[in-house]
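K.L.:
Here it is, the structure in full.
The values are calculated or read from the model by the stated rules, or taken from the named source; none is laboratory data. No experiment lies behind these values; they were computed from the predicted model shown. Because the Cβ atoms are built from the backbone with ideal geometry, glycine has one as well, and the counts that use them run over all protein chains shown. Just so you know, the surface numbers come from the protein's heavy atoms only, side chains and all, with ligands and any DNA or RNA stripped out. Shrake-Rupley method; radii C 1.70, N 1.55, O 1.52, S 1.80 Å.
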Amino acid sequence: LFEEGKVDYIVATDAIGMGLNLDIKNIFFSGIKKFDGFNDRFLSMDEISQIAGRAGRFCNDGFFGTTCNLKSLSPETVKFVENYEFTKIKKIYWRNDKLNFGSPKALLNSLSDRPKENYLKIKKNGNDHRYLKIFLDDKELKEKILNPTNLEKLWEVCGVPDYSKNLDEYHTRFLKKIFYYLISKKECVPEEWVKNNLHDINKFTKKISELNYKISQLRTWSFISFKSKWMENNHKFQNKVKMMEL
């Protein structure tokens, strides 16, 4: 609507800094704090610069300032933005990609391997790593994952994102069902189970919170449907999920 000239202003979150190429002349900050999923924090100068950079395009100059309760930006921040500065990256998160699936202990040890370069920092407590630890403490699974092939499959299943932001216990129950299907005789998730899950998601609701949750569930099923060896008729379900999203 803005690009078509049907509205004169955009009110946006910091997400506008994520590469949107709009014909914006002025950016005004009404605040420089955000909730990042864990805490309320101030935007970094790099983030402020990225957002301010949405103003101006090609040969047209852009301008940035403040509005509402935000009285001003610090001189250091203004200088940082105007001089196209950026904070130098000192550390990069790293994880070992040469994993050992010989045994559960060997897998955990290989995930804890440290990088040789001092500018690399080992990534700790990743979601998939947490899910794996939960599964390795599961008495029902202990015999199943003595087989290196099954252990590798379990690790792959741990990589299914939790778009719904559920508790780890709830998400791992869902992943456990998938894992059992993948190590069964058919070695795939049955079509009927997927249908039943999608049918529940497709039930009508007017509540925004429920709609948001259903959308996040669809994202999970979309991810799973693109695992070609995981699901019966995966192309069919890829299209079905797309249609449901519309």
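K.L.:
Could you list which residues have their amide H under 5 Å from that of Phe29, counting only those 5 or more apart in sequence or on another chain, with H placed in the peptide plane?
P.N.:
Gly65, Thr66, Thr67
K.L.:
Sticking with this one: On a straight-distance basis, which aspartates and glutamates could pair with Lys229 in a cross-link, Cα separation under 18 angstrom, same-chain partners fewer than 8 positions away excluded?
P.N.:
Reachable aspartates and glutamates: Glu152, Glu156, Glu187, Glu191, Glu192.
K.L.:
Still on this structure, I have one more. Roughly what angle does helix 168-182 make with the longest principal axis of the chain, taking Cα atoms, 0 to 90 degrees, to the nearest 10?
P.N.:
That works out to roughly 50 degrees.
K.L.:
Moving on. By a straight-distance test (C-alpha under 13 Å), which aspartates and glutamates pair with Lys25 as possible cross-link partners, with residues fewer than eight away in the same chain excluded?
P.N.:
Glu3, Asp8, Asp61
K.L.:
Taking a 23 Å limit on the Cα-Cα distance, which of the listed pairs Lys98/Lys236; Lys177/Lys227; Lys123/Lys165; Lys139/Lys214 fall beyond it?
P.N.:
From Lys98/Lys236; Lys177/Lys227; Lys123/Lys165; Lys139/Lys214, over 23 Å: Lys98/Lys236; Lys139/Lys214.
K.L.:
Where does helix 127-136 land angle-wise versus the long Cα axis of the chain, in degrees 0 to 90, nearest 10?
P.N.:
Its long axis makes an angle of about 20 degrees.
K.L.:
Arg95 accessible area, nearest 10 Å², 1.4 Å probe?
P.N.:
Using a 1.4 Å probe on the heavy atoms, I get roughly 80 Å².
K.L.:
Still on this model: Mean projection of the alpha-carbon convex hull of the stretch 1-52 over all orientations, in nm²?
P.N.:
Taking a quarter of the hull surface, the average projection is 4.0 nm².
K.L.:
Could I ask something else about it? Could you state the number of Å between the C-alpha centres of the stretch 150-168 and the stretch 99-131?
P.N.:
Spelled out, the Cα-based centre of one part sits 16 Å from the other.
K.L.:
State the dimensionless ratio Rg/Rh of the stretch 1-103 (Rg: radius of gyration of Cα atoms; Rh: Kirkwood radius).
P.N.:
1.12
K.L.:
Further question: Amide H neighbours of Trp94 under 5 Å, counting only residues 5+ apart in sequence or on other chains, H built in-plane at 1.01 Å?
P.N.:
Lys121, Ile122, Lys123
K.L.:
Under 5 Å between amide hydrogens, which residues at least 5 positions from Ile24 or on another chain qualify, with H placed 1.01 Å from N in the peptide plane?
P.N.:
Hits under the 5 Å cutoff: Gly56.
K.L.:
Could you name the aspartates and glutamates in cross-link range of Lys133, using Cα to Cα under 13 Å and dropping any fewer than eight places away on the same chain?
P.N.:
Reachable aspartates and glutamates: Asp168, Glu169.
K.L.:
Could you bin all the Cα-Cα distances of the stretch 103-246 into 5 Å bins starting at 0 and give me the percent of pairs in each, rounded to whole numbers?
P.N.:
Histogramming the stretch 103-246 at 5 Å steps yields 2, 8, 18, 19, 18, 14, 10, 7, 4, 1, 0 percent.
K.L.:
Right, next: Share of Cα-Cα pairs in the chain beyond 32 Å, in percent?
P.N.:
46 percent
K.L.:
Here is a further query. Which three lengths, in whole Å and largest first, does the stretch 164-206 cover when its Cα atoms are put on their principal axes?
P.N.:
41, 25, 9
K.L.:
Follow-up. Between the helical axis of 234-245 and the dominant principal axis of the chain, each derived from Cα atoms, what acute angle in degrees is found, rounded to the nearest 10?
P.N.:
For helix 234-245, the angle is close to 40 degrees.
K.L.:
Could you rank Trp94, Trp221 by how accessible they are, 1.4 Å probe, largest area first?
P.N.:
The most accessible residue leads, giving Trp94, Trp221.
K.L.:
Only loop residues by DSSP count here, and only those with at most 13 other Cβ atoms within 10 Å; note down the GluC sites (Glu not before Pro) in the stretch 33-108 that meet that.
P.N.:
Glu85
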